[in-house]
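> After the structure tokens below, expect a handful of questions from me.
None of the figures in this text is laboratory data; all of them are computed from the coordinates on show. Because the structure is a prediction, the values reported are computed rather than measured. Cβ: placed from backbone, ideal geometry, glycine included. Neighbour counts: every protein chain shown.
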Amino acid sequence: MRTHDVSELSAAELSDARRELAVSASLSRPDSPIQIPLQAQLLAVDAEIATRSVKICSCGMATDDAEMLEGHLFEQPGHEERDLGRYFAGRAPEDQRYRGMNINGG
């Protein structure tokens, strides 16, 4: 199986890749064999976006700048921030992950 390594892409490149993959998926027939690799690549892009704390709009625009996304959402009232919580199922939030642990080894 081929891995979809997108870790080297910038936030803008991830956004562009996600948008292009989504367009390709929407233009292909639902029962087409191309849907499987497209969905795998979309999943890899979404997972990378989620791990980087990048915010993504329903239109596919991704940024790590919260103010930029807020401005985009204000200018585009029909858009909304995508919920990427499914990529964190079973994981503790960052601020709770180390709560109560003594990092000095004592």
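> Scan the range 45-85 for residues that are assigned to a loop (DSSP other than H, G, I, E, B) and of a type in the set (A, V, I, L, M, F, W, C) and jot them down.
Step one: list which residues in the range 45-85 are assigned to a loop (DSSP other than H, G, I, E, B), which gives 52-54, 58-61, 64-65, 76-80, 82-84.
Matches in the range 45-85: 54, 59, 61, 84.
> How many residues, within the range 1-44, are of a type in the set (S, T, N, Q) and assigned to a helix (DSSP H, G or I)?
First pass over the range 1-44, keeping only residues of a type in the set (S, T, N, Q): 3, 7, 10, 15, 24, 26, 28, 32, 35, 39, 41.
From what is left, the residues that are assigned to a helix (DSSP H, G or I) are 15, 24, 26, 35, 39, 41.
Counting residues in the range 1-44 that are of a type in the set (S, T, N, Q) and assigned to a helix (DSSP H, G or I) gives 6.
> Of the conditions (1) surrounded by 13 or more Cβ atoms within 10 Å (Cβ to Cβ); (2) aliphatic (A, V, I, L, M); (3) under 12 Å from the mean Cα position of the chain (by Cα), residue 12 fails just one. Which one is it?
Going through the list (1) surrounded by 13 or more Cβ atoms within 10 Å (Cβ to Cβ); (2) aliphatic (A, V, I, L, M); (3) under 12 Å from the mean Cα position of the chain (by Cα), residue 12 breaks only (1).
Here is a yes/no grid of residues against (1) within 21 Å of residue 79 (Cβ to Cβ); (2) β-branched (Val, Ile, Thr):
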| residue | (1), (2) |
| --- | --- |
| 41 | no, no |
| 50 | yes, no |
| 54 | yes, yes |
| 60 | yes, no |
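> Can you run down the residue pairs with Cβ atoms below 7 Å, 6 or more apart or on separate chains, where the first is in the range 35-64 and closer than 10 Å to residue 84 by Cα and the partner is polar (S, T, N, Q)?
Correct list of pairs: 54/63; 55/63.
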